[in-house]
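Asker: The structure under discussion is supplied below as C-alpha cells; questions concerning it will follow.
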Amino acid sequence: MDSQYWNDEIETMPRAGLESIQLIRLQKLVKRMYERVLPYREKMDAIGLRPEHIKSVGDLRLLPFTVKADLRDNYPFGLFATPMSEVVRIHASSGTTGKPTVVGYTRKDIDLWANIVARSLVTAGATKNDIVHNAYGYGLFTGGLGAHYGIEKLGAAVVPASGGNSRRQVTLLRDFGSTVLLSTPSYALNLADAMETVGIDPKKLSLRIGVFGAEPWSENMREEVEKKLNLKATDIYGLSEIMGPGVAQECQFSKRGMHIAEDHFLPEVINPETGEVLPEGEEGELVFTTLTKEAFPLIRYRTRDISRLYREPCACGRTLVRMAKVTGRTDDMLIIRGVNVFPSQVEHVLMGVEGVEPHYQIVVDRKGNLDTMTVEVEVSEQFFSDKVRRLESLGAGIKKEIKDYLGVTVTVKLVEPKSIQRSEGKAARVIDKRKLS
Amino acid sequence: MLVEQIAVFVENKPGRLAAITKILADNKINIRALSVADTADFGILRLIVDNPQKAAKCLQDGGFTVVVTEVVAIEVEDRIGGLATVLGHLADAGVSVEYMYAFVNRSGENAIIISRFEHMDNAVKVLEGTGVKLVSKEQIYSM
Ligand SMILES: [Zn+2]
C-alpha cells in the first residue's frame with residue numbers, strides 16, 4: 001500500500017526532534033558559510049558574530065539577513081559555497097535591474113530537490129501510479145525541471161509538456177489519461193478553455209489532482225479550477241533562490257496553508273520595516289534559511305513574500321509548520337504568467353529604446369484566464385512623428401525589447417501626454433486589476 | 001518650396017478631434033486642410049493651417065503632442081488623370097511617398113495635393129524638373 005507520506009519519520013516528527021535536527025544543520029551551515037562564502041563572512045564579522053555563537057534554533061535571529069541585492073552584487077557565482085566543479089546545474093530568474101538571479105546546484109542538491117518535490121507530490125495526494133502532466137516551463141526557470149526530477153523520483157510517469165500549445169496539451173491529457181496536472185493556476189484555466197474549444201469534456205478525463213503555483217492565486221480561482229477541470233487543486237510554493245518548487249506544499253486536508261519542508265528550509269516571518277521576528281501566526285515577510293543545500297545556501301533570505309506561519313496540528317498528521325497562501329509582496333514585483341516583473345525593468349527598457357525616460361504605466365489584468373500586461377507610454381515630442389509607420393515601429397520595438405529582456409509578452413499602448421494619472425506629481429507606475437481575494 | 005504642416009498625436013477616444021479644432025478656433029486659426037491617419041490604437045491628425053507655428057504652440061499648451069514637419073503642396077489640374085501624371089513622374093524617379101491628402105482650392109478649379117516623401121529634397125527636385133506646379137507656403141497660408 002502506498003504511504004500517505006514520502007518520509008514518515010520527518011513529516012510526523014514531534015517538534016523537539018525536528019528542532020534538534022534543524023539545530024545541527026543550522027550550526028553546520030553557519031560554519032560552512034563563514035568558512036566558504038566571503039561576502040557572508042564579512043557580514044558576520046561586521047557584527048562580531050562567530051559560528052559558535054549559534055546555540056539554539058532561536059539564535060537564528062542573531063544572523064544577518066541576505067537580500068536580493070546581495071545576489072546581484074555577487075553575480076553570477078559569488079555566493080556559491082562550492083567550487084564550480086561541484087556544480088551540475090544552473091538556473092536563473094530575472095532580477096530587478098537587468099542582472100538575473102543565478103542559482104546553482106550540486107549533484108546532491110539536485111537529488112535533495114527531487115526528494116522534496118516528491119514529498120510535495122505525495123503531500124498533494126499523488127502516488128507512483130500517477131501519470132503526471134508537467135506544464136511548468138522547462139528552461140532557466142526552476143519550475144519545469146525542478147518538478148520533473150521530483151516526479152521521476154516519486155516513480156510516477158512524467159509527461160514533460162512544458163508551456164504553450166494548449167490544444168495539443170489537452171489532447172495529450174486525454175490520450176495519456178494523465179491523473180495529475182502541474183502548472184500555474186492561470187495556465188490550468190487556460191487548459192480548461194482549450195478543452196472547451198477542442199470539445200473535450202473535463203469530466204471524461206482522468207485528472208484528479210492539480211499542483212499549482214509560481215504565481216499568486218485566490219480561493220475563488222481555486223474553486224474555478226476545481227470545477228472546470230474536475231480535480232482537487234492544491235497550492236505549491238517555491239522560489240528559485242531557495243531551491244525552486246517544493247519549499248512548501250498544501251496537503252489534501254489543509255486549506256489553510258502549505259506544509260513547509262522545514263527540515264531543509266527554516267522559515268521565519270519578520271516585520272519588513274524593522275527586520276524584527278514576529279510571533280507565530282502574525283503576518284509579515286517570509287524569510288528562509290536553507291539548511292541542507294550545498295552549492296547555493298542562503299541564510300535568512302528575505303523573500304519579499306507576505307505570509308504567516310501556523311503550527312496547529314493538521315488532519316494529515318504532518319507536524320511540519322504551515323505557511324498561509326502568499327497574500328502580497330513587500331516590493332513592487334509583479335508576477336505575470338509565472339514570470340517575475342519589476343516596474344524598474346520596464347523603465348530600463350523604455351529608457352533604452354528612446355534614450356529618454358517617458359511617462360509610462362503598467363496595467364495588469366486577467367483576461368479570460370491569462371494575465372495581461374499593457375505598457376502605456378505617453379507620446380512626447382521626442383518620439384512623436386507625423387509618420388504612422390514610425391510610431392508603429394516604436395510600439396513594436398518596445399514590445400520586442402520587453403519580450404527579450406523580461407521574457408513576457410506585453411501590449412504597448414501609445415497614449416497622449418498627461419493621460420496617465422499622477423498622484424502627487426508622480427505617476428502611479430502599476431495598476432493591478434487582477435482580483436486575487 | 002516647402003509648406004509647414006502640423007501633426008498631432010490623438011488617442012482613439014471620443015472628443016479628441018473636437019478638442020483640437022476648438023483650440024484652433026479659439027485662437028482664430030484657420031484650417032486649410034486636414035487628414036487623419038488611423039490605426040487600431042491611435043491616430044495622427046495632420047493639418048495645414050494659416051499659421052502653423054502659432055497652431056503648434058496653442059495645441060502644445062493645450063496638452064497635445066505636436067510636431068511641425070515640412071510637406072510639398074502640389075497643384076494638380078482638376079481633370080481625369082491629373083494626379084496619375086504627377087505620381088507617374090515620381091515613380092519613374094524612384095521617389096517613395098509616405099502619405100498624401102488633397103483639398104480643392106478656393107476657386108474650385110484645381111486640387112492641392114499635400115505630400116510627404118521619404119526624401120523631401122530629392123522629391124522637390126524631381127517635381128520641379130517635371131514642370132508640376134508647386135504651391136508656396138505664402139500662397140497656401142493666404143488661400
Ligand atoms: Zn496537512
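Asker: Residues in the range B:20-39: is at least one open to solvent by 10 Å² or more (accessible area, probe 1.4 Å), within 13 Å of chain A (Cβ to nearest Cβ) and touching an Asp or Glu at 6+ places or on another chain (Cβ under 7 Å)?
Answerer: Yes, there is a match, as at least one residue in the range B:20-39 is open to solvent by 10 Å² or more (accessible area, probe 1.4 Å), within 13 Å of chain A (Cβ to nearest Cβ) and touching an Asp or Glu at 6+ places or on another chain (Cβ under 7 Å).
Asker: Name the residue, out of B:97, B:132, that is within 14 Å of another protein chain (Cβ to nearest Cβ) and open to solvent by less than 70 Å² (accessible area, probe 1.4 Å). Give the steps one after another, and end with the answer.
Answerer: Details: B:132 fails: within 14 Å of another protein chain (Cβ to nearest Cβ).
After applying the criteria, what remains is B:97.
Asker: Still on this model: Given the criteria under 18 Å from residue B:135 (Cβ atoms), open to solvent by 30 Å² or more (accessible area, probe 1.4 Å) and under 19 Å from the mean Cα position of the chain (by Cα), does residue B:79 qualify? Let's see the steps before the verdict.
Answerer: Details: under 18 Å from residue B:135 (Cβ atoms): yes; open to solvent by 30 Å² or more (accessible area, probe 1.4 Å): yes; under 19 Å from the mean Cα position of the chain (by Cα): no.
No, not satisfied.
Asker: If you check every pair at least six apart or on different chains, which have Cβ atoms under 8 Å apart with a residue in the range A:231-259 that is closer than 15 Å to residue A:181 by Cβ first and a residue that is more than 15 Å from the ligand (Cβ to nearest atom) and acidic (Asp, Glu) second?
Answerer: A:232/A:226; A:233/A:226
Asker: Another question, if that's okay. Taking the residues in the range B:1-19 that are within 12 Å of another protein chain (Cβ to nearest Cβ) and under 16 Å from the mean Cα position of the chain (by Cα) as candidates, determine which candidate is farthest from residue B:124 (Cα to Cα). Steps first, please.
Answerer: Here is the first cut: in the range B:1-19, the ones within 12 Å of another protein chain (Cβ to nearest Cβ) are B:4-13, B:15-16, B:19.
Filter again for under 16 Å from the mean Cα position of the chain (by Cα), leaving B:4-9.
Working: B:4: 14, B:5: 16, B:6: 19, B:7: 21, B:8: 24, B:9: 27 Å.
Per the stated criteria, the residue is B:9.
Asker: Quick one: in the range A:236-260, of everything that is within 15 Å of the ligand (Cβ to nearest atom), under 21 Å from residue A:330 (Cβ atoms) and at pLDDT 95 or above, which residue is farthest from the other protein chains (Cβ to nearest Cβ)? Walk me through how you get there before you give the answer.
Answerer: Start the filter on the range A:236-260 by keeping residues that are within 15 Å of the ligand (Cβ to nearest atom), which leaves A:236-237, A:248-260.
Narrowing further to those that are under 21 Å from residue A:330 (Cβ atoms): A:237, A:248, A:257-258, A:260.
Filter once more, so that each one left must be at pLDDT 95 or above: A:237, A:248, A:258, A:260.
Values: A:237: 38, A:248: 43, A:258: 42, A:260: 46 Å.
So, considering only residues that are within 15 Å of the ligand (Cβ to nearest atom), under 21 Å from residue A:330 (Cβ atoms) and at pLDDT 95 or above, the one farthest from the other protein chains (Cβ to nearest Cβ) is A:260.
Asker: What number of residues within the range A:384-412 satisfy the criterion of being open to solvent by 10 Å² or more (accessible area, probe 1.4 Å) and either among the β-branched types (Val, Ile, Thr) or touching an Asp or Glu at 6+ places or on another chain (Cβ under 6 Å) (or both)?
Answerer: Number satisfying all stated conditions: 5.
To keep it simple, each residue is scored yes or no on (1) without any contact (Cβ under 8 Å) to a residue 24 or more places away in the chain; (2) assigned by TED's automatic domain parsing to the domain that holds residue A:235.
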site: A:276; (1), (2): yes, yes
site: A:283; (1), (2): no, yes
site: A:287; (1), (2): no, yes
site: A:302; (1), (2): no, yes
site: A:338; (1), (2): no, no
site: A:343; (1), (2): no, no
site: A:364; (1), (2): no, no
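Asker: Mind checking which residues of the range A:101-153 are more than 16 Å from the ligand (Cβ to nearest atom) and of a type in the set (D, E, K, R)?
Answerer: A:107, A:108, A:109, A:111, A:128, A:130, A:152, A:153
Asker: Also: Going through the range A:69-91 one residue at a time, which ones are outside any helix (DSSP H, G or I) and under 20 Å from residue A:140 (Cα atoms)?
Answerer: So in the range A:69-91, the residues outside any helix (DSSP H, G or I) come out as A:74-83, A:87-91.
If the condition is that a residue be outside any helix (DSSP H, G or I) and under 20 Å from residue A:140 (Cα atoms), then A:74, A:75, A:76, A:77, A:78, A:79, A:80, A:87, A:88, A:89, A:90, A:91 are the ones that fit.
Asker: Let me ask something additional. Could you please give the count of residues in the range B:100-129 that are open to solvent by 80 Å² or more (accessible area, probe 1.4 Å) and more than 18 Å from residue B:50 (Cα to Cα)?
Answerer: Total meeting the criteria: 6.
Asker: A further question on this structure: What number of residues within the range B:60-76 are within 18 Å of the chain's Cα centre (by Cα), within 12 Å of chain A (Cβ to nearest Cβ) and not hydrophobic (A, V, I, L, M, F, W, C)? Steps first, please.
Answerer: As a first pass, look at the range B:60-76 and keep what is within 18 Å of the chain's Cα centre (by Cα): B:65-76.
Still in the list and also within 12 Å of chain A (Cβ to nearest Cβ): B:65-71.
Still in the list and also not hydrophobic (A, V, I, L, M, F, W, C): B:65, B:69-70.
Residues in the range B:60-76 being within 18 Å of the chain's Cα centre (by Cα), within 12 Å of chain A (Cβ to nearest Cβ) and not hydrophobic (A, V, I, L, M, F, W, C): 3 in total.
Here is a yes/no grid of residues against (1) modelled with pLDDT of 90 or more; (2) closer than 21 Å to residue B:140 by Cα:
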residue: B:4; (1), (2): yes, yes
residue: B:49; (1), (2): yes, yes
residue: B:72; (1), (2): yes, yes
residue: B:76; (1), (2): no, yes
residue: B:85; (1), (2): no, no
residue: B:89; (1), (2): no, no
residue: B:99; (1), (2): yes, yes
residue: B:103; (1), (2): no, yes
residue: B:111; (1), (2): no, yes
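Asker: All but one of (1) exposed (fewer than 15 other Cβ atoms within 10 Å of the Cβ); (2) more than 14 Å from residue A:300 (Cα to Cα) hold for residue A:51; which doesn't?
Answerer: (1)
Asker: Please go through the range A:4-32 and pick out each residue that is within 18 Å of residue A:313 (Cα to Cα), part of a helix (DSSP H, G or I) and either hydroxyl-bearing (Ser, Thr, Tyr) or open to solvent by less than 40 Å² (accessible area, probe 1.4 Å) (or both). Let's see the steps before the verdict.
Answerer: Residues of the range A:4-32 within 18 Å of residue A:313 (Cα to Cα): A:4-5, A:7-19.
Cutting the leftovers down to part of a helix (DSSP H, G or I) gives us A:8-11, A:15-19.
Hits for the range A:4-32 are A:10, A:11, A:17, A:18.
Asker: List pairs: first in the range A:376-395 and more than 8 Å from chain B (Cβ to nearest Cβ), second in a helix (DSSP H, G or I) and at pLDDT 90 or above, Cβ under 7 Å, 6+ apart or cross-chain?
Answerer: From the range A:376-395, the pairs are A:377/A:398.
Asker: Which fully enclosed strands (runs of 3 or more DSSP E) of the range A:184-258 have 1 or more residues being open to solvent by 30 Å² or more (accessible area, probe 1.4 Å) and of a type in the set (Val, Ile, Thr)? So that I can check it myself, show each step before the final result.
Answerer: On the way: elements: A:209-212, A:232-239, A:244-249.
Here the list is empty.
Asker: Got a number for residues in the range A:92-109 being open to solvent by less than 50 Å² (accessible area, probe 1.4 Å), more than 14 Å from residue A:240 (Cβ to Cβ) and not in a loop (DSSP other than H, G, I, E, B)?
Answerer: Selection size over the range A:92-109: 1.
The values are calculated or read from the model by the stated rules, or taken from the named source; none is laboratory data. Keep in mind it's a predicted model, so treat the numbers as computed, not measured. Cβ atoms come from the backbone with ideal geometry, glycine included; neighbour counts cover every protein chain shown. We work out accessible area using only protein heavy atoms, side chains counted, and drop any ligands, DNA or RNA first. Shrake-Rupley method; radii C 1.70, N 1.55, O 1.52, S 1.80 Å.
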